[in-house]
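Report on the following structure.
The values are calculated or read from the model by the stated rules, or taken from the named source; none is laboratory data. Predicted model only: the values in this text are computed from it and were never measured. In this analysis, Cβ positions are derived from the backbone assuming ideal geometry, glycine residues included, and neighbour counts consider all displayed protein chains.
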Amino acid sequence: MARLRRTAAALAALLAVGLTPPAAAEPAAAAEPAVAEAMLTERATTATGLAAQGRTVEVDVRRRDGDWVFGSGVLTAPPVHGAAPDAWLFLGRRTGNGWQIALDTGAGFAALAARAPESVLSLGEKETFAANARNAAAPTGLALPYPTGVSWTMIGGPHGWSGQPRPWSSVDLNGGDRRVLAGQSGRAYWMCRNGGHIRIIHDNGWTTEYYHLLDEIKPDGAPIKLGDYLGLTSTRIPCGGSAGSNHVHYAVKKGTAWTALNGLTIGGWTFREGSRAYSGYATHQTVRRNVGQQLTNYGPDDPG
């Protein structure tokens, strides 16, 4: 019991720093500690451990109806090279035993989404979550996040969402007019309260992530088409981390799990890991491009 009280107190203190919900936000405000605890559990950390790393927790309840809430939550990244925030969509339902919280990284999220009122999750969103959960496409069907036929520089080869840790699911890209575009159609969500991070959940079983965006759109489950504008490359770190030059940190998940780029074909290029994070190369037919060289986006259906 004492440990539970300490955990609750730590969560309350952390939330007091990161959140300022309006007084009329009940039951949304009541759900925030439960959401925070679910996120901390997912990352096997504690509120005090997070604070020791210079990180905070953000819970953004965007929709509520009766005993249901929906939104996004973030564990901000420490201010070190390659770090990126941990982020989730969450769905909460208040029961007689407290809050039932599902994160979009969990197997139970799509099932709980199917039961949510349409005032909290639209029918279109429910269909996308269900399709993403049941599909596991082998080909990605993804384009690179800039116009088809245009070349950008791969300034960082395959690496983890948060730098060194595997799987190496991410690549850093910049070029042209800096306009970052959706790699495929789906439902888009603005993850950080201060912007800069967009998640697109695709019907084909893949999810794409975009960080360091400037002048970005602010979607809340809006349908997005392949090639739609998302934002500009920049050095922004609204949820922590670091960026030494303008780029988009582009990453992929199969369903809800980070997936290594090694062997995946995106935009016509098959990515290969190097001996260390941020190295590696990409191939298109007989052409090889290393870090620092340009990749032409051939679109989502080119086999490479």
Checked the stretch 159-212 for anything farther than 21 Å from residue 227 by Cβ and without any contact (Cβ under 8 Å) to a residue 40 or more places away in the chain; matches are 165
When restricted to 91, 103, the only residue buried (at least 21 other Cβ atoms within 10 Å of the Cβ) and within 20 Å of the chain's Cα centre (by Cα) is 91
The lone condition residue 276 fails out of (1) closer than 26 Å to residue 103 by Cβ; (2) in a loop (DSSP other than H, G, I, E, B) is (1)
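Kindly indicate whether residue 209 is under 23 Å from residue 156 (Cα atoms), in a strand (DSSP E or B), within 15 Å of the chain's Cα centre (by Cα) and not small (Gly, Ala, Ser).
Values: under 23 Å from residue 156 (Cα atoms): yes; in a strand (DSSP E or B): yes; within 15 Å of the chain's Cα centre (by Cα): yes; not small (Gly, Ala, Ser): yes.
It is true that residue 209 is under 23 Å from residue 156 (Cα atoms), in a strand (DSSP E or B), within 15 Å of the chain's Cα centre (by Cα) and not small (Gly, Ala, Ser).
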Of the residues in the stretch 220-236 that are out of contact with any Pro (no Cβ under 8 Å at 6 or more places or on another chain) and outside any strand (DSSP E or B), the one that is surrounded by the fewest Cβ atoms within 10 Å (Cβ to Cβ) is 225
Restricting attention to the stretch 62-88, the residues that are under 17 Å from the mean Cα position of the chain (by Cα), among the charged types (D, E, K, R) and not in a strand (DSSP E or B) number exactly 0
Does residue 204 fit the bill of being buried (at least 17 other Cβ atoms within 10 Å of the Cβ), at pLDDT below 95 and either in contact with a strand residue (DSSP E or B) (Cβ under 6 Å, 6 or more places away or on another chain) or part of a loop (DSSP other than H, G, I, E, B) (or both)? yes
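Residue-by-condition table, conditions (1) assigned by TED's automatic domain parsing to the domain that holds residue 169; (2) surrounded by fewer than 17 Cβ atoms within 10 Å (Cβ to Cβ); (3) farther than 15 Å from residue 138 by Cα; (4) free of Cβ contacts under 8 Å to residues at least 60 places away in the same chain:
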{"site": "216", "(1), (2), (3), (4)": "yes, no, yes, yes"}
{"site": "242", "(1), (2), (3), (4)": "yes, yes, yes, no"}
{"site": "248", "(1), (2), (3), (4)": "yes, no, yes, no"}
{"site": "252", "(1), (2), (3), (4)": "yes, no, no, no"}
{"site": "257", "(1), (2), (3), (4)": "yes, yes, no, no"}
For residue 236, the lone unmet condition from (1) over 13 Å from residue 200 (Cα atoms); (2) modelled with pLDDT under 95 is (2)
